[in-house]
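K.L.:
Take this structure, written in structure tokens, and hold onto it; I'll ask about it next.
The values are calculated or read from the model by the stated rules, or taken from the named source; none is laboratory data. Because the structure is a prediction, the values reported are computed rather than measured. Glycine also receives a Cβ, built like all others from the backbone with ideal geometry; neighbour counts cover every protein chain displayed.
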Amino acid sequence: MECAPEDVFAVLEDGWSYGMWVVGAARIRDVDAGWPAPGTKIHHSVGAWPVLLSDETEVEQVDAPRMLQLRVKAWPTGEGRVVLTCAPTGDGKTEVVMEERAVSGPATFMPKAAQDLMLQPRNVEALRRLAYLAEHHARSHG
């Protein structure tokens, strides 16, 4: 991304922005005070109207501006762990890596390669959206 890790984390630290970059998040219903401290949650809905499911995402670990680990709920498929890591590349840019794995529910029975095949297009788009927001933040606050 054409920005610093701090710009990426400025977006990640705004729980209300989650619906703008996470593919499938239809709306944000609430964000716990203190987000993104471990244990805090974003309460969101997934799907498309009129079929929306209420779920939540919880912070498991954070090391700003380097790493954010989330436990995402997306029933009926189960729960997953998403780890976002940000590393400066030395040229004013940031390499952002998003890793996602099923940790409970029916999706855990899928082989890792099948999970990757299903998640990769969605996560590429999520990172593209996150880049737009983070790069905009860098231009507006730089």
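K.L.:
Answer with yes or no whether Arg66 is of a type in the set (D, E, K, R), under 20 Å from Asp7 (Cβ atoms), surrounded by 13 or more Cβ atoms within 10 Å (Cβ to Cβ) and at pLDDT 95 or above.
P.N.:
For Arg66, the condition - of a type in the set (D, E, K, R), under 20 Å from Asp7 (Cβ atoms), surrounded by 13 or more Cβ atoms within 10 Å (Cβ to Cβ) and at pLDDT 95 or above - is met.
K.L.:
Only one residue in Ala134, Ala107, Ala48 is at pLDDT below 95 and either under 14 Å from Pro5 (Cα atoms) or surrounded by fewer than 19 Cβ atoms within 10 Å (Cβ to Cβ) (or both). Which one?
P.N.:
Of Ala134, Ala107, Ala48, the one residue that is at pLDDT below 95 and either under 14 Å from Pro5 (Cα atoms) or surrounded by fewer than 19 Cβ atoms within 10 Å (Cβ to Cβ) (or both) is Ala48.
K.L.:
Output the residues belonging to region 32-61 that are over 20 Å from Thr85 (Cβ atoms), assigned to a strand (DSSP E or B), aliphatic (A, V, I, L, M) and out of contact with any Lys or Arg (no Cβ under 8 Å at 6 or more places or on another chain).
P.N.:
Pass one, region 32-61, residues over 20 Å from Thr85 (Cβ atoms): 32-34, 39, 41, 43-56.
Right, trim to assigned to a strand (DSSP E or B) and you get 41, 43-48, 51-56.
Adding the requirement that they be aliphatic (A, V, I, L, M) leaves 46, 48, 51-53.
Listed by number, the residues that qualify are Val46, Ala48, Val51, Leu53.
K.L.:
Then there is this: List pairs: first in region 57-73 and closer than 15 Å to Thr94 by Cβ and in contact (Cβ under 8 Å) with a residue 60 or more places away in the chain, second surrounded by 21 or more Cβ atoms within 10 Å (Cβ to Cβ) and among the hydrophobic types (A, V, I, L, M, F, W, C), Cβ under 6 Å, 6+ apart or cross-chain?
P.N.:
Listed by first residue and then by second, the contacts come to Pro65/Phe9; Pro65/Cys86; Arg66/Cys86.
Listed here are the residues, each with its yes/no results for (1) of a type outside the set (A, V, I, L, M); (2) part of a loop (DSSP other than H, G, I, E, B); (3) on the phi > 0 side of the Ramachandran plot; (4) within 13 Å of the chain's Cα centre (by Cα).
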position	(1), (2), (3), (4)
Gln69	yes, no, no, yes
Asp91	yes, yes, no, no
Val96	no, no, no, yes
Ala102	no, no, no, no
Asp116	yes, no, no, no
Leu130	no, no, no, yes
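K.L.:
Could you tell me which residue of region 1-31 is surrounded by the most Cβ atoms within 10 Å (Cβ to Cβ), considering only residues that are farther than 22 Å from Thr85 by Cα and not β-branched (Val, Ile, Thr)?
P.N.:
Here the answer is Ala26.
K.L.:
How many residues are more than 17 Å from Val59 (Cβ to Cβ) and modelled with pLDDT of 95 or more when one looks only at region 6-28?
P.N.:
Of the residues in region 6-28, 3 are more than 17 Å from Val59 (Cβ to Cβ) and modelled with pLDDT of 95 or more.
K.L.:
Still on this structure, I have one more. Taking Val72, is it closer than 15 Å to Arg122 by Cβ and among the β-branched types (Val, Ile, Thr)?
P.N.:
Taking the combined requirement at face value, the residue satisfies it.
K.L.:
Would you check which residues across region 52-67 are closer than 17 Å to Gly19 by Cβ and of a type outside the set (Ser, Thr, Tyr) and list them?
P.N.:
The answer is Leu52, Leu53, Asp55, Glu56, Glu58, Val59.
K.L.:
Among the candidates Gly39, Gly90, Gly78, Gly34, single out the residue that is out of contact with any Gly (no Cβ under 9 Å at 6 or more places or on another chain) and either of a type in the set (Asp, Glu) or over 25 Å from Ala4 (Cα atoms) (or both).
P.N.:
Only one candidate passes the filter, namely Gly39.
K.L.:
Being under 21 Å from Val124 (Cβ atoms) and touching a Ser or Thr at 6+ places or on another chain (Cβ under 9 Å) is the filter here, so list the residues in region 42-68 that pass it.
P.N.:
Within region 42-68, His44, Val46, Met67, Leu68 meet the criteria.
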